[in-house]
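Undergrad: What follows is a structure written as C-alpha cells; I'll ask about it next.
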C-alpha cells in the first residue's frame, strides 16, 4: 500500500559521478517535491513540479536537476556530486487545486553517500 | 517570504507528562499549518494539521492550537509514551495554489521512561 516510493533507499556514489534518484507515486497527485535533508535539520526544498511546471528554488545549485516524464514519476539528477551533497533526499507529493493547499506526503527517502 | 520559528529545539519529558512545542510564523497569508513527526532514519509523517478557519484541533492524545492574531501555533501531546520520542517539525504555507511549505527547525522530543 506504499503511496510514495523512492528508489534506491541507499545510494553510494563517487565524488563527481552522476547519480539519479527516483520517485514514484500512486496517489495521482499533481504536485511533486524534492527535498534535501541533512542530519538534525529540517527538509530543504530543492524544487517542485506543479503538474508539468517546474519551480526551482533560488538557492538550489545548478548541480541538481529534475525530470518529471509523467504524473507518477519524478527524478532527481545530481550531475557532479560533492561531499557536501551527502544527505537524505526526500520526495513528497500533494494534491493542489489552485486555491487549496493539501497535505504533503513523503516517501521513505534515499540516503546518498558520496565517497 | 514566510519564516517559521520553532521552540524548543530539544525537549525531555517524563513518560505520562505532557509536551508542548511552539511555532511562530511571519506571513499573515499563511493558512495551513501541518505538524510532522520524524523518527530516526524515517520519513516525516503528518500527525495533525490545522487550517486557519479553526482555532483548535484534537486527535486522541495530540492537539494543535492556532492563534492567527499572534501568528503562533502549538502542538500538545498528552500522556506521552516512549514511542512519541522523535523529531517534530511544524510548517506553514499560504492557502493558495503552488505555494511551498516553510518548515520550522525541528524539536527533538525525548520521553524518559
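None of the figures in this text is laboratory data; all of them are computed from the coordinates on show. This is a predicted model, so every value here is computed, not measured. As a convention, Cβ positions derive from the backbone with ideal geometry for all residues, glycine included, and neighbour counts pool all protein chains shown.
Undergrad: Could you work out the mean count of beta carbons from other protein chains within 10 Å of each residue's beta carbon in B:39-47? Before the final figure, lay out the partial values.
TA: Numbers: counts 0, 0, 4, 4, 13, 10, 2, 4, 0.
Mean shielding count: 4.
Undergrad: Continuing with this model, one more query. Based on the Cβ-Cβ distance from residue B:27 to residue A:15, what FRET efficiency comes out when R0 is 22 Å, to the nearest 0.05? Mind dumping the intermediate values first?
TA: Working: r = 39 Å, r/R0 = 1.78.
My answer for the efficiency is 0.05.
Undergrad: Now a separate question. Would you mind getting me the FRET efficiency between residue A:57 and residue A:83? Use the beta-carbon distance for r and R0 = 25 Å, nearest 0.05.
TA: Once rounded, the FRET efficiency stands at 0.70.
Undergrad: Neighbouring Cβ atoms within 10 Å as the yardstick, rank A:12, A:31 fewest first.
TA: Exposure proxy ranking, most exposed first: A:12, A:31.
Undergrad: Considering chain B as a Gaussian network with a 10 Å cut-off on Cα pairs, which listed residue, B:91, B:63, B:29, attains the greatest mean-square fluctuation?
TA: Of B:91, B:63, B:29, the most mobile in the Gaussian network model is B:29.
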